[in-house]
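Working notes, beginning with the structure itself.
The values are calculated or read from the model by the stated rules, or taken from the named source; none is laboratory data. Please read these numbers as outputs of a predicted model, since none were measured by experiment. Cβ: placed from backbone, ideal geometry, glycine included. Neighbour counts: every protein chain shown. Note: areas computed on protein heavy atoms with side chains; ligands, DNA, RNA excluded. Shrake-Rupley method; radii C 1.70, N 1.55, O 1.52, S 1.80 Å.
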Amino acid sequence: MSRHPEVKWAQRVDKVFITVLLPDAKNAKVNLEPEGVFTFSASAGAGDNLYELKLELHDKVNVEESKINIGVRSIFCILEKAEKGWWKKLLRGDGKPPHYLKVDWDKWVDEDEDDGGLGNNFDMGGMDFSNFGGMGGMGGMGGMGGMGGMGMGDDGMGEFDDSDDEDQEVAKPDKAEGAAKTDEKENVEEKKEAAPSG
């Protein structure tokens with residue numbers, strides 16, 4: 001008897017993202033038909049259990065433009081919708097969605113936010129799928145790298161203290177100002193000790 005893998009899904013106005021969560025899948029086969037039938041089969045687990053899935057999608061898809069990446073932990077599919085537009089749900093029919101099908105909130109964008117601007121930074125035309133993970137479409141944040149540790153416990157603050165100390169060593173016009181800076185430094189360290197460590 002076959003089992004159902006856990007499936008997550010999200011959508012954009014022109015795409016549907018389907019992630020089949022099945023670590024160490026062997027012989028994974030994914031098939032997509034233009035009328036919107038998505039089938040999947042693979043074996044996984046210690047007993048090489050068979051996992052199968054057949055999803056009758058809400059609407060038609062463009063098979064040629066759709067992409068599939070079979071990874072170690074999951075099978076990630078980007079299905080191109082045949083016609084742009086928001087689907088009310090992933091599957092056709094009126095029944096409740098199956099228990100193994102869940103919304104992928106990490107990739108979800110609300111209809112009113114998908115304006116072709118920021119929401120579409122998710123276009124993965126040339127992206128290396130092997131790194132696809134929690135940081136999905138965050139490529140535009142590169143300039144913020146140095147701010148990463150700020151407010152993240154002692155490490156981030158320590159770096160900033162050190163750089164201040166170096167500036168003080170370099171520019172000491174007179175001893176009085178240097179002494180004032182030393183007092184400030186002590187105050188900063190006292191505040192640091194008083195702050196609860198998180």
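So if we plug the beta-carbon distance of residue 39 and residue 112 into 1/(1 + (r/R0)^6) with R0 = 41 Å, what FRET efficiency do we get, rounded to 0.05?
Once the sixth-power term is evaluated, E becomes 0.80.
Using +1 on the beta carbon of Lys and Arg, -1 on that of Asp and Glu, and nothing else charged, what's the dipole of segment 40-110 about the Cα centre, debye to 20?
The dipole magnitude comes to about 180 debye.
Take the residue pairs 26/96; 26/88; 81/107 and return only those whose Cα atoms are more than 22 Å apart.
26/96; 26/88
From Cα coordinates alone, what are the radius of gyration and Dmax values for segment 6-85 in angstrom?
12.7, 42
Quote to one decimal, in nm, the extra length available between residue 70 and residue 88 on full extension: 0.36 nm per residue of separation minus the C-alpha distance between them. Before the final figure, lay out each step's value.
Values: separation 18, 0.36 × 18 = 6.48 nm, distance 2.73 nm.
That works out to 3.8 nm of additional length.
When ligands, DNA and RNA are left out and all protein chains stay put, how many square angstrom of accessible area per residue does segment 6-85 have with a 1.4 Å probe?
Working: 3790 Å² over 80 residues.
The answer is 47 Å² per residue.
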